[in-house]
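Presented below is the structure to which this report refers.
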Amino acid sequence: MFYGRVSGFLLLLMVPHVSGCGSEPVIPPPPPAWVQQNSGTQEALWGTCFTDAQTGSAVGTHGTILRTTDAGGHWVNQTSGTSAHLLSVTFANSNTGTAVGGGDSVFVIIHTANGGATWVTQLMLRAPGDNYLRSVCFTDSSTGTVVGDRGTVLRTTDGGSVWLPQDSGTTENLTGVFFADTSTGTAVGINGTIIHTTNGGMTWTHQQSGTPVRLFGVSFSDANTGTVVGQFGAILHTTNGGSSWVLQRSNSVSELHGVWFLGPNIGTVVGGGSILRTTDGGATWIKQKSGGGGFFGYYGVHFTDPSTGTVVGDRGTILRTTSGGQ
């Protein structure tokens, strides 16, 4: 209680009592599940890859390549040497990486052996129309596969010094590729296209997806267990290498672009303004609060462990979680 006098009036002020014993502790709110990082660009970012929790790259339109070595605390713009739109990137280790893209009548593959300090063009093919190489996957520093428009499949076994075309058996645009090992791989594309190889792409066979929609992303945790995502919230799952694909309930109508699994149970899917998470192999998918406002599309996702992941998307969007998005 406090007494005071102002302009001839006596004031009685009640001051709340706070005791050091028995008072309710102040509990800070939990950190946001996904934190928006400063990419330093407004270009759309289409792909990302991390080799550990600290070190990663992101690629996007007009030859954009960004690099971080401090978990995204700072992103540094690298010189790609191309103005093509880069749609996918992969690193076999912290130094050795490959990015692919195209546009303006060219297919483009670029490569770095020093963490992106310098990027060199390995392949530039003239192609009529606005064509793209859309996805790249390496299983080690030597062995990789690229897929793209009009059924294009290219393969290297020497780190990209030589890229050889393979017969995909389709002329549909291929938008995603993933190899579980050097021999066993799956590629997906428009009109529900799924093709599969067990001999490093010497032969590709068609699989029945059971859907006519565009499929964009694919991820396998082993040679048998994989997930494919696409238009209208489509999520397809296999446990037998794609001999059969089962539609899962995503509770989303977004155009899902990116998918990443760590083991058979824990996976994340992104697209539209949505991030979806499963911990039971896709039996249930839970929508997460992204922190990005949901106004822009998300295109790429990569996790280095079940807790630590990065999502990229429109207008330079980069989101980061260290809690698995929970």
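Surface composition of the stretch 156-201: carbon and sulfur atoms hold 46% of the protein heavy-atom accessible area at a 1.4 Å probe. Residues in the stretch 125-164, backbone N under 18 Å from the label point at Asp181 (7 Å along the Cα-to-beta-carbon vector): list them, ranges by number please. The answer is 138-145, whose backbone nitrogens lie closer than 18 Å to the label point. In this structure, Thr171 and Asn251 have a Cβ-Cβ separation that, at R0 = 45 Å, corresponds to a calculated FRET efficiency of about 0.85.
Each of Asp149, Asp140 has its accessible area taken with a 1.4 Å probe; listed largest first, they run Asp140, Asp149. Each residue of the stretch 96-113 was assigned a 3J(HN,Hα) from its phi angle through the Karplus curve 6.51 cos²θ - 1.76 cosθ + 1.60 (θ = phi - 60°); the sequence is 9, x, 9, 10, 9, x, x, x, 6, 6, 9, 9, 9, 10, 10, 9, 10, 10 Hz, with glycine and proline shown as x.
Here are several values of percent of Cα pairs over 32 Å apart: [x] 34; [y] 29; [z] 43. Which one was derived from the coordinates shown? The calculated read-out lines up with [y]. In this structure the amide hydrogen of Ser274, modeled in the peptide plane, comes within under 5 Å of the amide hydrogens of Tyr298, none closer than 5 places in sequence on its chain. Of the peptides 198-207, 80-89, 250-259, the ranking by mean beta-carbon count within 10 Å, highest at the top, reads 80-89, 250-259, 198-207. Residues whose amide H lies under 5 Å from that of Ile190, counting only those 5 or more places away or on a different chain, are Asn173, Thr175, Leu215; hydrogens are built 1.01 Å from N in the peptide plane. In a fully extended conformation the segment linking Asp104 and Met124 would gain 6.0 nm over its present Cα-Cα distance, using 0.36 nm per residue.
Residue by residue, the stretch 311-322 carries 3J(HN,Hα) couplings of 10, 10, x, 4, 6, x, 5, 9, 10, 9, 10, 10 Hz when phi is fed to the Karplus relation 6.51 cos²θ - 1.76 cosθ + 1.60 (θ = phi - 60°); x denotes Gly or Pro. Our summary gives the chain a relative contact order of 14 percent, counting only alpha carbon pairs under 8 angstrom and 6 or more residues apart.
For the stretch 265-276, 3J(HN,Hα) computed residue by residue from phi via the Karplus equation (6.51, -1.76, 1.60; θ = phi - 60°) reads 10, 9, x, 10, 10, 10, x, x, x, 10, 10, 10 Hz, glycine and proline entered as x.
The values are calculated or read from the model by the stated rules, or taken from the named source; none is laboratory data. Only a predicted model underlies this, so the values are computations on that prediction, with no experimental measurement involved. Heads up, the Cβs are rebuilt from the backbone with ideal geometry, glycines too, and the neighbour counts pull from every protein chain shown. These area figures cover heavy atoms from the full protein model, side chains too; ligands, DNA and RNA do not enter into them. Shrake-Rupley method; radii C 1.70, N 1.55, O 1.52, S 1.80 Å.
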